[in-house]
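Readers should treat all values here as calculations from the given coordinates under stated rules, not as data from a laboratory. Bear in mind that the values here come from a model prediction, so they are computed numbers and not experimental data. Methodologically, a virtual Cβ is constructed for each residue, glycine included, from the backbone with ideal geometry; neighbour enumeration extends over all protein chains shown.
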Amino acid sequence: MVRKSLHEEQPRAQEDLHRGLKNRHVQMIAIGGTIGVGLFLGSVTAIQKAGPGLVVSYAIGGLVLFLIMRALGELLLYRPVSGSFATYAAEFVGPWAGFMTGWSYWFMWVTIGMAEITAVGVYVHYWFPGIPQWIPALITLGLLYSANLTTVKLFGEIEFWFALIKVVTIVAMIIIGLTIILFKFGDLGKTATFSNLWTEGGFLPFGGLGVLLSLQMVMFAYQGLELIGVSAGETENPETVLPHAINSVVSWMLVLYTGALLIIMSLVPWNQLSPDTSPFVLVFEKIGIPAGAGLINFVVITAAASSCNSGIFSTGRMLYSLAKVRHAPRAFGNVSRRNVPAAGIAASAAIMLIGVALNYIVPEQVFVYVTSVSLVGALWTWALIVIAHLGYSKAVAIGKTRPVAYRMPGSPYTNWFVVAFLVLVAMLLSLDKGTRVALYIAPGWFALLGIGYQVAKPRAA
């Protein structure tokens, strides 16, 4: 039997999927996947490590993600398929890279899903402190699993409105906070000032080391932007939609993340933020808007649920792509009568049940554990995107592959800058006891992938 490589099989495989996603869907799926627990809850952990200097971390992380997304955008216009990163890694690095990237991205989103349902359990305590954390986590996972069995167009519509709620909330908080700071409204206006950014120990109270130590949570918060690549196989007019979506979504993320954090730490000094409460909820409590804090807590819950929803979506598609080349069980390569990879979605949601169990066993530590572990998968995926882009650029230079108009700036130097930065972030995980667990799990995961690839190779052939 003639062997089909991942990049050869992918175009035919897209016939099973339906191109029902429009530009607004693609943008909001990426925004919805990114704006979740990392900003609404994890930002407090990062603030305690860097103080106001956290915005520097977000700016640096945003620059790196911009370069990664531009590299991905160039690859997507060359071949817009749902396998995305795995497809390009297989074609321009090697079949082993496609296998390991596809499974690592699946692993990343499964653990992100665990973090997001953990956040739901934490946020529900705001109203019902007596409810065990694992119960709302389980209910949320069950509802999201059901939602992902619908058509992709309906999924895109649901995620569009979920993400829009988050964006509107953040923009509203920025506008209200800015008004309070400038015009001194209410009790909070008496102490709210931009000088809070540098009077409480300085703008960099922990120096450059604080900025470095916060990069782990910052890069976790940016996970999800690459969902644009996963949705490429189901996007209408990808040549037009994808470049616009990439440019827009990166700009939105930089404005929303840095803008929100600057306003929050101006309204409430960074050293007065509680690690047990979302800073958004705390700010609206202090503003004194009737029921405002409860409303924001609801929005924060929808934000976490939305991000997990995107994770279930992406893991199902990645298993589908891997199954098409026998790098995953064949059943994952089938679609339901609604043209969604139902088997892959079910398997991913089932593994996320581990997150429910962790919320029962170690509710206090589970958030740090799963965010750190998920970042390992993200760092690998991002690195392989820019390395695959180097292979693509070389193929273009020798006339083996067609060029596209949408280009990554500064390549190949920016490619190696991104790789070096991602290696640095991986090394920084070793400096904290909570994040160090990721470095214990990573060797075992990649060893398992190495064994899995040797098993899958004969089946793929």
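Numerical summary
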| item | result |
| --- | --- |
| Sites SER251 and SER274 - FRET efficiency at Förster radius 30 Å, r taken between beta-carbons, to 0.05 | 0.45 |
| Listed residue pairs exceeding 32 Å between alpha carbons, taken from LYS166/LYS394; LYS324/LYS394; LYS166/LYS286; LYS49/LYS190 | LYS166/LYS394 |
| Net lengthening on full extension, GLU239/ILE131 (0.36 nm per residue, minus Cα-Cα) | 34.1 nm |
| Extension gain from ALA59 to VAL167, taking 0.36 nm per residue of separation minus the Cα-Cα distance | 37.0 nm |
| Debye intensity ratio I(q)/I(0), log10, segment 146-196, q values 0.19 Å⁻¹ (C-alpha model) | -0.66 |
| Rounded, prolate or oblate (a/c below 1.5 giving rounded, otherwise prolate when a/b exceeds b/c) for segment 162-221 by Cα gyration tensor | oblate |
| Long-range Cα-Cα pairs in segment 90-249 (distance over 21 Å), rounded percent | 70 |
| Burial order of peptide ranges 160-173, 432-445, 110-123 (average beta-carbon count within 10 Å, highest first) | 110-123, 160-173, 432-445 |
| Length gained when the stretch THR150-ALA397 is fully extended (0.36 nm per residue, less Cα-Cα span) | 84.6 nm |
| Per-residue [θ]222 nm for the chain (sum of -39500 (n - 2.57) over DSSP H runs n ≥ 4, rounded to 500) | -24000 deg cm²/dmol |
| At R0 = 60 Å, FRET efficiency that the Cβ-Cβ distance of SER336 and THR191 yields, to 0.05 | 0.60 |
| At least 18 Å along the helix axis (C-alpha) and Kyte average at least 1.0, DSSP helices within the chain | 54-78, 134-147, 152-183, 238-267, 342-361, 366-397, 413-428 |
| Estimated vicinal HN-Hα couplings, Hz - segment 186-200 in sequence order (Karplus 6.51, -1.76, 1.60; Gly, Pro = x) | x, 5, 5, x, 5, 10, 6, 6, 5, 5, 4, 6, 9, 8, 8 |
| Alpha carbon Rg of segment 284-442, scaled by the compact-globule rule 2.2 N^0.38 Å | 1.37 |
| Cα-based equivalent ellipsoid of segment 71-149: semi-axis lengths in Å, sorted from largest, via gyration tensor | 37, 12, 11 |
| All-pairs Cα distance distribution in segment 211-358, expressed in whole percent, bin size 5 Å | 2, 7, 11, 15, 17, 14, 13, 9, 7, 3, 1, 0 |
| Sequence-separation-based contact order of segment 301-456, relative, with Cα cut under 8 Å and 6+ spacing, percent | 21 |
